[in-house]
Amino acid sequence: MAHFFLILLVALPLFGQSFTVEIEELPTTNLNQTTTKKPSVLMVDDFEDNDLVTFREWWSFGKVMINTKKVTEEKPYLGETSMIINGSSYNWYAGGIGTYLNEDAQHFTTLKLVIYSPKLNAGAIRIELYDDDNNNNVVDIDSDKQMPSKDDLLIYDLNLIWKGWKVVSIPLIDFVDFNPEIGDNIWNPNQLYGSGGLIQMQLVVLSSKYKSETIEFEIDTIKFN
Ligand SMILES: [Ca+2]
Ligand SMILES: [Ca+2]
Ligand SMILES: [Ca+2]
Ligand SMILES: [Ca+2]
């Protein structure tokens, strides 16, 4: 939003005198450029504050635990602190983690995650993005089905089929609407008409090979570009 002041001092044309207009302060940036400039990044979390409560507040559910961890490897794309995720699955499902976002994500095209997988087939992650479609800043949940009742849920399944650190880039176009009967089935996470836009994100933790597994991996950064 552009804030500027135009103070007009107008000497009224009394007795037929010509009037003067003095412009005290001019806007320093082009208004058009300012309003159309798109942000280049939406940081979900880089965990560098060593904190899972303030920015962002992360929750976990099921048999999944999270903690911060010092990054020991040195690579140009790595920070100093990551989030470590531990889970144990039963019938493929372990649980998951999530965070409330309430962010305008309409201009972004890619989700980037920097992930450490300790081995091939360390686990699998179902990435869930919730798009507030009834403009109420809340993920409305159907209490019977325990599923969103008004908002789009878009998912992408990621298998940890590598060993070591990796920058994973997922085009948002590859996310699939998981509830064709709910929402408008369009990825439109803007904040028009009171919408929370991208209202929340969850990572559901799953087995990769066996029905029951011990799963562990780290995430250094999650962001949209
Ligand atoms: Ca909603
Ligand atoms: Ca939908
Ligand atoms: Ca939508
Ligand atoms: Ca980090």
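Extent of segment 38-224 along its three principal axes (Cα atoms, max minus min coordinate, largest first): 45, 39, 29 Å.
Estimated from the Cβ-Cβ distance and a Förster radius of 35 angstrom, the FRET efficiency linking Phe55 and Tyr193 is about 0.85. Shown for Arg126, Arg56: other C-beta atoms within 10 Å of each C-beta, ranked fewest to most, produce the order Arg126, Arg56. Quote the relative contact order of segment 38-224 in percent (integer), defining contacts as alpha-carbon pairs under 8 Å separated by 6+ residues. Across segment 38-224, relative contact order equals 35 percent.
Work out the charge dipole of segment 38-224 with +1 on the Cβ of Lys and Arg and -1 on the Cβ of Asp and Glu about the Cα centre, then indicate which of Asn136, Leu153, Gly197 is farthest towards its positive end. Value: Leu153. Each of the peptides 148-155, 134-141, 88-95, 198-205 was scored by the mean count of other Cβ atoms within 10 Å over its residues; in descending order, highest first, they stand as 198-205, 148-155, 88-95, 134-141.
Under the simplified labelling scheme, the Lys69-Ile155 pair shows an inter-label distance of 2.6 nm, with each label point 7 Å from Cα along Cα→Cβ.
Rule-based calculations on the coordinates, nothing more; no lab input. These numbers come from a predicted model, not from an experiment. All Cβ positions, glycine included, derive from the backbone under ideal geometry; neighbour counts span all protein chains shown.
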